[in-house]
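Visitor: Just dropping this structure here.
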Amino acid sequence: MAVDTGGVTIKAGSSMERVVRVADEAGLSIRLRIMDQSTRTAEDAANACGCSVAQIVKSLIFTDEARGGLVLVLVSGAHNADLEHLANVHGLKLGRADGRTVRDETGFAIGGVAPIGHLRPLPVYMDDALLTFDTVWAAAGRPDSVFAVAPHALAEAANATPISVRP
């Protein structure tokens with residue numbers, strides 16, 4: 001296990017510090033990077049990381065319309081989460097979560113939601129397409145920060161259930 005911060009100074013109590021701490025506690029090997037340009041969109045992140053859009057992990061927060069609460073769906077940057085497919089195939093009746101709820105419940109602003117380090121535990125599902133790569137890149141708690149990680153290790157650390165997110 002190694003958390004490589006790339007020499008970045010991480011402010012105590014920040015969302016990025018939470019991501020690094022949780023990664024360390026989970027024994028997750030990550031490479032943290034702060035980018036000069038935005039990584040708010042999958043395309044921006046792929047350009048900044050020098051990888052394909054498919055290797056970007058979009059951390060999408062939804063409301064669970066059946067049970068209440070929030071759900072995290074980790075989706076390849078090359079895909080959109082098909083809500084009808086998720087309902088019909090996986091029984092997940094999901095709705096869009098508003099930005100304030102996302103921040104209050106996860107501790108992250110939209111555009112910087114990380115797959116780990118949330119304020120409260122959430123059910124997590126992961127696009128099975130992400131598991132085909134050796135390395136994927138995910139938000140590290142801010143819109144300009146990302147980390148590289150092995151997708152199988154991320155799935156384990158996030159307690160994510162692999163699923164198809166589209167037909």
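The values are calculated or read from the model by the stated rules, or taken from the named source; none is laboratory data. Values in this document were obtained by computation on a predicted structure and should not be read as measured data. Ligands, DNA and RNA are stripped out before the accessible areas are found, and what is left, the full protein with its side chains, is counted by its heavy atoms. Shrake-Rupley method; radii C 1.70, N 1.55, O 1.52, S 1.80 Å.
Visitor: Per residue of segment 36-42, what does 6.51 cos²θ - 1.76 cosθ + 1.60 with θ = phi - 60° give for ³J(HN,Hα)? Whole Hz please, x for Gly and Pro, Karplus curve as stated.
Guide: Taking θ as phi minus 60°, the curve returns 6, 9, 5, 10, 5, 9, 4 Hz for segment 36-42.
Visitor: Whole-Hz ³J(HN,Hα) for each residue in segment 43-54, computed from phi via Karplus 6.51 cos²θ - 1.76 cosθ + 1.60 with θ = phi - 60°, x for glycine and proline: what do you get?
Guide: For segment 43-54, the Karplus curve yields 5, 4, 5, 4, 4, 5, 8, x, 10, 6, 4, 5 Hz.
Visitor: Take every Cα-Cα pair in the chain and report what % of them are more than 22 Å apart.
Guide: On the way: 5024 of 13861 pairs.
Above the 22 Å cut-off, the chain has 36 percent of its Cα pairs.
Visitor: Please work out whether segment 89-167 counts as rounded, prolate or oblate from its C-alpha gyration tensor, where a ≥ b ≥ c are the square roots of the eigenvalues and a/c under 1.5 means rounded, while otherwise a/b larger than b/c means prolate and anything else oblate? Let's see the in-between values first.
Guide: Values: a/c = 1.82, a/b = 1.13, b/c = 1.61.
Judged from the Cα gyration tensor, segment 89-167 comes out oblate (a/c at least 1.5, b/c at or above a/b).
Visitor: Report D for segment 1-98 in µm² per second (integer): Stokes-Einstein, Kirkwood Rh on Cα pairs, 37 °C, 0.692 mPa s.
Guide: Details: Rh = 15.6 Å.
Approximately 211 µm²/s, per Stokes-Einstein.
Visitor: A further question on this structure: Helix-only estimate, please: 222 nm mean residue ellipticity of the chain, summing -39500 (n - 2.57) across DSSP H runs of length 4 or more and dividing by its residues, to the nearest 500. Don't jump to the answer; show the numbers that get you there.
Guide: Working: 5 runs with 43 residues, N = 167.
Calculated mean residue ellipticity at 222 nm is -7000 deg cm²/dmol.
Visitor: On the accessible surface of the chain, probed at 1.4 Å, how many percent belong to carbon and sulfur atoms? Before the final figure, lay out the partial values.
Guide: On the way: 3680 of 7920 Å².
Roughly 46 percent, rounded to a whole number.
Visitor: Using each residue's phi in segment 81-96, evaluate 6.51 cos²θ - 1.76 cosθ + 1.60 at θ = phi - 60° and report the 3J(HN,Hα) Karplus result to the nearest Hz, with x for Gly and Pro.
Guide: Working through the residues one at a time gives 6, 8, 4, 5, 4, 4, 6, 6, 8, 10, x, 9, 9, 10, x, 6 Hz.
Visitor: Give the accessible surface of segment 1-115 per residue, rounded to a whole number of Å², with probe radius 1.4 Å and ligands, DNA and RNA excluded.
Guide: Details: 5660 Å² over 115 residues.
Ligands and nucleic acids excluded, the result is 49 Å² per residue.
Visitor: Related question: Over all alpha-carbon pairs in segment 77-129, figure out the percentage whose distance exceeds 16 Å. Numbers along the way, then the final one.
Guide: On the way: 720 of 1378 pairs.
For segment 77-129, the fraction of Cα-Cα distances above 16 Å is 52 percent.
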